[in-house]
Amino acid sequence: MIEKVTQFVEKWKMLYKEDKVVTGVSGGADSVCLLFVLLELQKKIGFEIIVVHVNHLLRGVDAENDEKYVKELCEKYKLTYEIYRENVELIAKEKKESLEEAGRNVRRKAFEETLKKYNGTKIAVAHHRNDNAETLLMNLARGSGLTGLGGMRPIKENRIRPLLCLERKEIEEYLEEKHISYCTDQTNLLDDYTRNRIRNHVIKNLEQGVNEKTVAHFSEAMEKIWELQDYMEEETDNLYARVVLRKENKIFLLKKEYEKVPNVFRGLVIKKAITSITKHEKDIHAVHIEEIRKLMENQVGRELSLPYNIYALRCYEGICLRSVNEKEEEKKREKVELELWQSNHKQIGNWRLTYEIQNVEEIERDGGETPYTKCFDYDIMKNTITIRTRRAGDYLIINETGSRQKLKSYFINEKIPKEDRDNIFLLAEGNHILWIFGYRRGCAYQIGKNTKQILKITIDKGERKNGRKDQSINFRRRSE
């Protein structure tokens, strides 16, 4: 059996001499077998072992005996170990989780804390072929994509499963042959947990009533799925590079490129795009992938919410994925009042702004307007002039007769992406937009024959200063 595990470890390149392996040992047959297998492999490879035991405080004296047994085992073999005592029942109630889920999360946290404490490199867990068969059936019953059909992989990130090539009976035979004692968790015989019911009834009936090699055949099928998954992952990465554009903290799924992707890969590309923002795969389900698929065929402007405070917007390019919290943060504005009768310079987002009041003669001498310099009749301005971002009800005067156009309509007609509209600065008088920075000015406050004083504003692209966010600036007349 040791040789079988050794070949499996070598095939998947699990362990190296420089590794520090955090190993979960509950005291049960599987984890005790894992520990002794690692001790044998340690003689050949030379890595370090750190043992973690988590007492869930659920089984009274039995749990205390398990903890004592693991301590004695570690001390006998001079192994570094960490014992965690966690009230899993209380944690489950507080977090509204099942005991099974709460226990899994507590163990994961203990492993990660120990890994950090000892600068560990790997976490070894004792899952075997029977566990994987149970996982496969659970995934199928709950609804699974290709990933779920592969069950648990031998390696996932820093987690390794050296016993995934063995069946439970091989583990028990090894422990009996080597006269190694272990603790028995009587709760594994009960049907309180989903996995127990699958183990005690579904797989048992399949082995007795269909094929005694059920677990072996499930494992062989999953190994074929692993090969397919590796190919699909590589091809998904290639397609993702063509379909996805990252811009600052946004990810765009480009519709033209997306439509060239074979249908079988579209969902995988979408999921990769979502998880690249969320940094989590948990809670991203097939329903979310399908919602994005439908959104891609919907009209521009539609949006939907996803887990982890992410929202998806149908934009001109295709779909924009972005953090809701970031969007809300960008809507925060700092208000700054400036003395309009003084010449001033100001940084507004990525724009550098210069503004001053001049008389007509000075403007004529300086050459008047350019695409980045606009002049307005200051004499007839009655209200505060503000530089800000868009608000509901904003409009432009689009001709000399005073005809209006909604700012929203202007953005749509010019095909300005919806996700960019909140970040465009406007020169405004109330809801009346005088100038859209970087685009056009309205037709109001044109200089006429009776104009004496002019508000001259010049902008140019600059860098943000002091990391400040977008601002709203009021130009106050002397009389205000």
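Given the protein chains as shown and a 1.4 Å probe, how many square angstrom of residue 135 are accessible, to the nearest 10?
Spelled out: residue 135, probe radius 1.4 Å, area about 20 Å².
What is the spin-label model distance, in nm, from residue 207 to residue 13 if the labels are put 7 Å beyond Cα along the C-beta direction?
3.5 nm
Treating the beta-carbon of each Lys and Arg as +1 and of each Asp and Glu as -1, no other charges, what is the dipole magnitude of the chain about its Cα centre, to the nearest 20 debye?
Details: 87 positive and 80 negative charges, 397 e Å.
About 1900 debye.
So what is the accessible area of the chain per residue, in Å², with the probe set to 1.4 Å?
55 Å²
Which order do the peptides 264-270, 156-162, 139-145 take when ranked by the mean count of other beta-carbon atoms within 10 Å per residue, highest first? Before the final figure, lay out each step's value.
Numbers: 264-270: 19.9, 156-162: 18.1, 139-145: 12.7.
The most tightly packed comes first, giving 264-270, 156-162, 139-145.
Using +1 at the Cβ of each Lys and Arg and -1 at the Cβ of each Asp and Glu in the chain, identify which of 215, 439, 180 lies farthest towards the dipole's positive end.
The one lying farthest along the dipole's positive direction is 439.
Please give the FRET efficiency for residue 406 paired with residue 264, using the beta carbon to beta carbon distance and R0 = 56 Å, rounded to the nearest 0.05.
Efficiency, from the Cβ-Cβ distance: 0.80.
What angle, in degrees between 0 and 90 and rounded to the nearest 10, separates the Cα long axis of helix 99-117 from the longest principal axis of the Cα atoms of the chain?
80 degrees
Helix-only estimate, please: 222 nm mean residue ellipticity of the chain, summing -39500 (n - 2.57) across DSSP H runs of length 4 or more and dividing by its residues, to the nearest 500.
Mean residue ellipticity at 222 nm (helix-derived): -12000 deg cm²/dmol.
Taking only Cα atoms, what is the 0 to 90° angle, nearest 10, from helix 214-243's long axis to the longest principal axis of the chain?
That works out to roughly 20 degrees.
Give me the one-decimal nm value for the distance between modelled label points at residue 420 and residue 43, 7 Å along each residue's Cα-to-Cβ direction.
Output for this residue pair reads 6.8 nm.
Can you bin segment 40-195 into rounded, prolate or oblate? Criterion: square roots of the alpha carbon gyration tensor eigenvalues sorted a ≥ b ≥ c, rounded for a/c under 1.5, prolate for a/b above b/c, oblate for the rest. The partial results should precede the final answer.
Details: a/c = 1.34, a/b = 1.13, b/c = 1.18.
It is rounded, given that a/c, with a ≥ b ≥ c, falls under 1.5.
Once you sort the root eigenvalues of the Cα gyration tensor of segment 64-114 as a ≥ b ≥ c, which label holds: rounded (a/c under 1.5), prolate (a/b larger than b/c) or oblate (the other case)?
prolate
Under the 0.36 nm per residue contour assumption, what length would be gained going from the current alpha-carbon distance of residue 452 and residue 118 to full extension?
Taking 0.36 nm per residue and subtracting the Cα distance, the gain is 112.6 nm.
Using the Cα centre of segment 35-124 as the reference point, and only Cβ charges (+1 on K/R, -1 on D/E), how large is the resulting charge dipole? Debye, rounded to the nearest 20.
So the magnitude is around 340 debye.
Among 277, 258, 355, which residue has its Cα furthest toward the positive end of the charge dipole of the chain, with +1 on Lys/Arg Cβ and -1 on Asp/Glu Cβ?
Most positive-ward Cα: 355.
Separation of segment 214-264 and segment 48-97 by C-alpha centroid, Å?
After rounding, the separation between the Cα centres reads 39 Å.
Please work out the FRET efficiency for the pair residue 58 and residue 443, using the Cβ-Cβ distance as r and a Förster radius of 60 Å; give the result to the nearest 0.05.
Numbers: r = 76 Å, r/R0 = 1.26.
The formula returns an efficiency of 0.20 here.
Calculate how steeply helix 129-142 sits against the longest principal axis of the alpha-carbon atoms of the chain, using the helix alpha-carbon long axis, and give the answer as 0 to 90 degrees to the nearest 10.
Tilt of helix 129-142: around 40 degrees.
Rounded to the nearest 0.05, what FRET efficiency is calculated for residue 287 and residue 108 with R0 set to 35 Å and r the Cβ-Cβ distance?
0.85
The values are calculated or read from the model by the stated rules, or taken from the named source; none is laboratory data. Fair warning: this is a prediction, and the values are worked out from it, not measured in the lab. So basically every Cβ, Gly included, is an ideal-geometry build from the backbone, and we count neighbours across all protein chains shown. What goes into the accessible areas is simple: the full protein's heavy atoms, side chains included, and nothing from ligands, DNA or RNA. Shrake-Rupley method; radii C 1.70, N 1.55, O 1.52, S 1.80 Å.
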